[in-house]
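Peer 1: Sharing a structure below in structure tokens format, with a few things to ask.
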Amino acid sequence: MNIDLNAIIENPIIPTTANFANPANYEPEPLRAPLPKAEAYPVDALGDILGKAANALHETIKAPLTLCCQSVLASASLAAQAHYDVVLPWGEKKPLSLYLLTVAESGERKSGVDDVVLGAAKAQERQQMELYETNQEQYTNDLALWKAANDEANKDASRKKGQAASDFGAAAKHQAEQKPEAPIMPLRFVSEPTVEGLYKLMAIGQPSIGLFSDEAGLLIGGHALNSDNALKTMARWCKLWDGAAFDRVRGGDGSGVLYGRRLALHQLAQPDVMAQLLGDRMANGQGLLARCLVAWPESTIGIRHISSFEQPRDRPEVKRLFAKLKLLTEAEPRTGKSKQELDPVELPLSDDAKALAIEAINQFETLMQKGNDLSELRDRTSKALENACRIAGVLTVVEAGLSARVIDADRLGRALIIVQWYLAETLRIRGAAVIPQSVSDAESLSIWLQNRGYKAFRTAPILTKGPSQLRNKKRLDGAIKELVDNGYIQPNEVGTIVDGVSAKKSWSVLHVV
């Protein structure tokens with residue numbers, strides 16, 4: 001084949017956009033990493049009571065099995081935390097409280113599962129609330145009578161001249177002893193309390209509380225976790241997880257310290273909502289998420305076919321769990337100086353369990369070394385053995401009941417299997433949950449442009465009328481760069497007419513996120 005070089009030189013091929021495929025025909029790059037397939041929850045490690053109940057709930061309600069496991073473990077923690085503390089291998093005493101977070105799509109039947117597993121505690125709460133209202137009314141009347149009698153006694157004392165100071169003291173002491181005692185509010189469940197609200201509830205109510213909700217958006221998007229309150233709220237939750245006293249010092253409405261209080265937590269939310277918490281820098285840096293057991297189950301929507309309707313409460317496995325939790329919920333816990341100050345029984349590890357704990361903590365330490373599997377999860381891994389001991393304690397109390405006095409190696413071994421699954425789950429969802437700000441801003445910008453039908457745009461309308469977070473020039477520039485780099489938009493030539501204006505900078509929309 002002869003090539004005419006002179007012809008090529010005289011008539012060069014000048015590359016133009018016409019020589020290439022239209023960029024809009026290309027598939028853009030994803031802005032965030034896809035979520036890898038989840039490993040199966042080690043449900044057998046939960047044991048014959050919790051594990052079999054979780055399977056029964058999964059089979060009848062058709063919710064994801066992992067979601068069912070999260071719910072039964074959370075309900076068991078709430079029931080057990082009032083009665084026992086775990087003694088860690090190094091001697092510290094800690095609550096059996098567990099903090100669980102579950103990511104689940106709308107329609108995954110979150111409330112259906114929670115309604116069953118929390119039935120015992122909620123039934124008792126409702127029953128006691130009716131009695132509490134009657135007792136509170138009686139207390140109000142008795143207090144009014146006491147105040148009237150106290151005022152009259154003080155008047156009589158002031159009229160009696162020459163009465164000894166000791167007589168005044170004796171009279172005052174007698175009146176104080178006769179003062180009626182307020183009933184304890186039986187409220188056990190809260191969904192979106194502020195720190196101040198939680199303190200007030202624990203001051204007048206049950207010492208063992210469950211911060212449970214199948215709509216965690218109420219909490220994550222609410223007053224307790226807004227920009228002004230998030231730090232103190234998360235710090236307080238961490239303190240309660242540690243078993244610390246709940247102290248509050250205020251000039252206006254008084255001060256105090258609450259001892260022996262316990263808080264279990266299970267929050268379920270849709271992916272976009274929970275991602276806000278999982279990706280929050282404060283929640284990660286401050287230590288809250290290091291204490292949490294997080295799961296993002298595979299959806300069962302679309303494959304929940306049935307041959308007949310079955311009530312989950314009719315399954316013997318669920319009845320057995322209900323009976324166990326009912327016994328723990330209704331049993332009076334051991335208390336200290338008052339009925340509201342828990343003094344839980346200590347639950348130490350057996351010698352075999354301690355030996356297993358030493359082996360486990362050494363393995364965790366090796367896995368945290370630079371370059372190893374858990375090097376990026378040092379905060380979670382450093383809490384892994386403690387969470388395993390807590391889970392083992394919960395398994396012990398549910399399976400052995402109120403006669404439990406020691407955690408054996410079998411239950412700790414099962415708990416370690418469960419904790420290892422949570423660590424692997426955290427690694428799996430980390431890329432999908434921890435999203436850079438520029439990426440979330442890019443997604444917001446793309447959706448905003450689509451909703452308004454923009455095919456080309458300038459920055460001016462977005463800076464004045466766009467999403468609130470993008471009315472910041474630096475953040476808007478970052479979002480635009482993400483969309484350009486990944487093929488969702490492309491820059492226009494200088495002088496392109498957009499919105500009737502010859503724009504120095506403008507972009508054309510090629511794809512939508």
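Peer 1: Are there strands (runs of 3 or more DSSP E) fully within the range 405-513 with at least 2 residues that are in contact with a Phe, Trp or Tyr (Cβ under 9 Å, 6 or more places away or on another chain)? List them.
Peer 2: 489-491, 507-509
Peer 1: Same structure again: Would you point out which residue out of LEU476, LEU463, LEU483, LEU449 is in contact with a Gly (Cβ under 8 Å, 6 or more places away or on another chain), at pLDDT 95 or above and among the aliphatic types (A, V, I, L, M)?
Peer 2: Just a single option satisfies the conditions, and that option is LEU476.
Peer 1: Shifting gears a bit: Quick one: ALA415 ticks every box in (1) among the small types (Gly, Ala, Ser); (2) over 19 Å from LEU288 (Cα atoms); (3) at pLDDT below 95 except a single one, so which number is it?
Peer 2: (3)
Peer 1: Considering the range 381-402 alone, what residues qualify as being surrounded by fewer than 24 Cβ atoms within 10 Å (Cβ to Cβ) and either touching an Asp or Glu at 6+ places or on another chain (Cβ under 8 Å) or closer than 17 Å to ALA82 by Cβ (or both)?
Peer 2: GLU399, ALA400, GLY401, LEU402
Peer 1: Quick one: is VAL397 among the aliphatic types (A, V, I, L, M) and touching a His at 6+ places or on another chain (Cβ under 7 Å)?
Peer 2: yes
Peer 1: Give the residue that is surrounded by the fewest Cβ atoms within 10 Å (Cβ to Cβ), with candidates limited to residues of the range 346-363 that are under 27 Å from the mean Cα position of the chain (by Cα) and within 19 Å of VAL397 (Cβ to Cβ). First the steps, then the outcome.
Peer 2: Initial filter on the range 346-363 (under 27 Å from the mean Cα position of the chain (by Cα)): 346-347, 357, 360-361.
The next check asks that each one be within 19 Å of VAL397 (Cβ to Cβ); those that pass are 346-347, 357.
On the way: GLU346: 12, LEU347: 24, ALA357: 22.
By that ranking, first place goes to GLU346.
Peer 1: Here is a follow-up. Give me the pairs, please: first residue somewhere in the range 190-204 and among the small types (Gly, Ala, Ser), second residue anywhere and part of a helix (DSSP H, G or I) and surrounded by 15 or more Cβ atoms within 10 Å (Cβ to Cβ), beta-carbon distance under 9 Å, and either six or more positions apart or on two chains.
Peer 2: SER191/LEU218; SER191/LEU219; GLY197/ALA224
Peer 1: Report the residue count in the range 271-306 for those that are under 19 Å from ASP379 (Cβ atoms), of a type in the set (A, V, I, L, M) and at pLDDT below 90.
Peer 2: Number of matching residues: 1.
Peer 1: Let me ask another. How about the range 231-346: which strands (runs of 3 or more DSSP E) wholly inside it have at least 2 residues that are free of Cβ contacts under 8 Å to residues at least 60 places away in the same chain?
Peer 2: Because the criterion is at least 2 residues that are free of Cβ contacts under 8 Å to residues at least 60 places away in the same chain, the strands (runs of 3 or more DSSP E) in the range 231-346 that meet it are 246-249, 255-258.
Peer 1: Is it the case that the range 369-380 has a residue that's buried (at least 17 other Cβ atoms within 10 Å of the Cβ), among the basic types (Lys, Arg) and touching a Cys at 6+ places or on another chain (Cβ under 9 Å)?
Peer 2: Yes, the conditions are met somewhere in the range 369-380.
Peer 1: Still on this structure: Filtering the range 33-48 down to residues that are touching an Asp or Glu at 6+ places or on another chain (Cβ under 9 Å) and charged (D, E, K, R), which residue is farthest from ILE435 (Cα to Cα)?
Peer 2: Selected residue: ASP48.
Peer 1: Which condition breaks for ALA355 when tested against (1) at pLDDT below 95; (2) in a helix (DSSP H, G or I)?
Peer 2: Unmet for ALA355, out of (1) at pLDDT below 95; (2) in a helix (DSSP H, G or I): (1).
Peer 1: Continuing with this model, one more query. Restricting the search to the range 429-452, which residues are under 22 Å from VAL494 (Cα atoms) and exposed (fewer than 15 other Cβ atoms within 10 Å of the Cβ)?
Peer 2: None; the set is empty.
The values are calculated or read from the model by the stated rules, or taken from the named source; none is laboratory data. Keep in mind that what you see is a predicted model, and the values were worked out from it rather than measured. Backbone-built Cβ (ideal geometry, glycine too); neighbour counts: all protein chains shown.
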